[in-house]
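The values are calculated or read from the model by the stated rules, or taken from the named source; none is laboratory data. All values derive from a computational prediction rather than experimental measurement. Here the Cβ is made from the backbone with ideal geometry for all residues, glycine too, and neighbour counts use every protein chain on show.
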Amino acid sequence: MKPGEEKLNELSQKITHHLEVIYKSIPEFIPIQLLTSEVIGIMRLDSDRIEPISHHNCWDQSDIMLISYGDSVLEDDISPLQSLKHFLDNYTKSTINSIHILPFFPYCSDDGFAVMDFYQVNDKLGDWNDIQLIAGDYRLMADLVINHGSSSGEWFKNFIKGEGYGHDYFYTAPSDTPISQVVRPRTTPLLRETETEQGPQYVWCTFSHEQVDFDFRNIEVLKEFIRIIRFYLDNGVRIFRLDAVAFLWKKLGTDCLNLPETHEVVRLIRTLIENTQPDAIIITETNIPNRENLSYFGNANEAHCIYNFSLPPLLVNTLVTGNCRYLKQWLMSMPPAQNGTAYFNFIASHDGIGLRPAEGLLNESEISSLISTMQRFGGEISWRTGDNGVKKPYEVNIALFDALQGTTEGKDNWGIARFINAHAIMLALEGIPGIYIHSLLATSNDYDKLERTEQNRSINRHQWDYEKLKVELTDEHSPHHQVYSQLTELISIRKKQSAFHPNATQFTLHLTEKLFGFWRQSIDRTQSIFCVYNISNDVQLLFMSDLNLIITSEWRDLISEQVFDDTNDVVSLEPYQTVWITNI
């Protein structure tokens, strides 16, 4: 057997193992060997395979992700995707090298997450040529909306007819199915009655009734999504965000969340992608409690990256209370990511501040206080169905800029400083940072859009007129200019520091409850950065002796350029001031 054939045979055995684990609980006969051959053919691994490097980091400190809808920036007479590229080229190209364009496909609801056609670009946004042009200059992340499809799409129309392509792709259950154990992030009825040519059917809808869950027990569904993955790779996608993947596999009598088959599907997808495009990566979107979220790393054989969902609620809580106790406890408990994996850090998103990831980290009184504070700053609350149908708060919907305009005592004049402090923490933490476009631009709550759509999440999904935005970004007195300028400067500093590599060592510092800090050390151990943050609205004293600085090195703050030549100095930190103290 030739070396290439031997490697392909090894890959074939690995894929077969994944498929056997996924389908072992299915009583019907599944032709695993045939399915393996079909999967290899769909991904063109028999001809295009590239050997991946085990435990390889496809990222470094220069990687920064911007998160945006395709129509977050609008210009007259050109497509929104072209407008977005104009914004990227003019305002972020020197600092940000990656872009997550939220679902850019035809959809019927949920601002893109009820996909009608996975192979088309929404013509209101542009076309595949626009996507390819962005992918040519930036590392492109796209959503693989893998759990559900649109009730208005052709596949579901064929389901109603009982024939045609995709007619058997959707999960159904008897109307009297016991579902009290099912955990999901919505309060609408789980089973939607649908009239079909075969009579009434009850389709499973984890999210809304316009988003119907796929049935991955059907091997044709798995094959379809492998075709979609290959198609996205061919069109320049290099980062796959597996949307709502934790709900993918259903098993009656369980909570239908994070089941073993779901994890094995993620492992299969990683195997296929890394053997096709070794620099492509998978990020799992699993908005669930911290311990469960961490499980999607597997043994560096599942997701390359996981969203650090606990960071937003803990960091916002820290800054509105002026106490870092809970944030510090969480940081101390976080395991370092293995090489080949990394945390994806973010503090604002198109959705909201998730509350489930704070479970077990903040107590109920802290969560209640956080919710009431956010409501005073204009936030809305979205709800979910918990165990046995109990209604619980799921997320706070609010623009982060507004969320940080005050403390539990009310609004104050420290909003911009507090907002920059939050991003300075995120930019320095172990992991890859992702910045929501409306954070970069200091966009406030969009109450008009909230009123128009009657959807809570719309409050943080503003659409900027590009000409008006350019005026704001040139006005030195505008909060949009001030935030954009300060964040751009912090990003520029971060990108040059080897100690800010996503996998560089991180140790939590033990300071006061009003001073949050951690130590980063580069992989080659040549650079150390002590990151310290005053998270209160009062001046705080930092005793340099608490940092264990090596006296033979010269230390300076990367932000202010202040030099520290005496390890016994006491430094006054202004409210919400950040220092990044480095030895080189």
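Restricting the search to the range 139-158, which residues are without any contact (Cβ under 8 Å) to a residue 40 or more places away in the chain and either surrounded by fewer than 16 Cβ atoms within 10 Å (Cβ to Cβ) or among the hydrophobic types (A, V, I, L, M, F, W, C) (or both)? Full working, then the answer.
Of all residues in the range 139-158, those without any contact (Cβ under 8 Å) to a residue 40 or more places away in the chain come to 154-155, 157-158.
Residues satisfying the conditions are Glu154, Trp155, Lys157.
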Unmet requirement for Thr196, which otherwise passes all of (1) crowded, with 21+ Cβ neighbours inside 10 Å; (2) over 18 Å from Leu144 (Cα atoms): (1)
Only unsatisfied item for Lys411, checking (1) modelled with pLDDT under 95; (2) charged (D, E, K, R); (3) on the phi < 0 side of the Ramachandran plot, is (1)
Residue count, the range 76-104, condition touching a strand residue (DSSP E or B) at 6+ places or on another chain (Cβ under 8 Å) and in a loop (DSSP other than H, G, I, E, B), comes to 6
Taking Lys250, is it touching a residue at least 40 places away in the same chain (Cβ under 8 Å), more than 25 Å from Phe344 (Cβ to Cβ) and either of a type outside the set (Val, Ile, Thr) or in the same structural domain as Ile15 (by TED's automatic domain parsing) (or both)? yes
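Here are some residues: Leu473, Leu450. Which one is touching a residue at least 12 places away in the same chain (Cβ under 8 Å), farther than 20 Å from Gly70 by Cβ, buried (at least 16 other Cβ atoms within 10 Å of the Cβ) and over 26 Å from the mean Cα position of the chain (by Cα)? Walk me through how you get there before you give the answer.
Numbers: Leu450 fails: over 26 Å from the mean Cα position of the chain (by Cα).
Criteria check complete, one pass: Leu473.
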Can you work out which of the residues in the range 341-366 that are part of a loop (DSSP other than H, G, I, E, B) and within 12 Å of the chain's Cα centre (by Cα) is surrounded by the most Cβ atoms within 10 Å (Cβ to Cβ)? Ala348
Those residues of the range 502-519 which are assigned to a strand (DSSP E or B) and more than 20 Å from Gln577 (Cβ to Cβ), in sequence order: Thr505, Gln506, Phe507
Unique residue being crowded, with 23+ Cβ neighbours inside 10 Å, among the β-branched types (Val, Ile, Thr), touching a residue at least 40 places away in the same chain (Cβ under 8 Å) and under 21 Å from Cys305 (Cβ atoms) when the list is Ile101, Ile64: Ile101
Residue hits (the range 548-563; surrounded by fewer than 20 Cβ atoms within 10 Å (Cβ to Cβ), touching a residue at least 12 places away in the same chain (Cβ under 8 Å) and not in a loop (DSSP other than H, G, I, E, B)) are Arg556, Asp557
Pairs please, first residue from the range 6-26 and polar (S, T, N, Q), second anywhere and part of a helix (DSSP H, G or I) and surrounded by fewer than 17 Cβ atoms within 10 Å (Cβ to Cβ), Cβ atoms under 7 Å, 6+ apart in sequence or on different chains. Thr16/Gln33
Given the condition at pLDDT below 95, among the hydroxyl-bearing types (Ser, Thr, Tyr) and closer than 26 Å to His462 by Cα, answer yes or no: does some residue in the range 385-397 qualify? yes
Would you mention how many residues in the range 150-186 are part of a loop (DSSP other than H, G, I, E, B) and of a type in the set (Lys, Arg)? 1
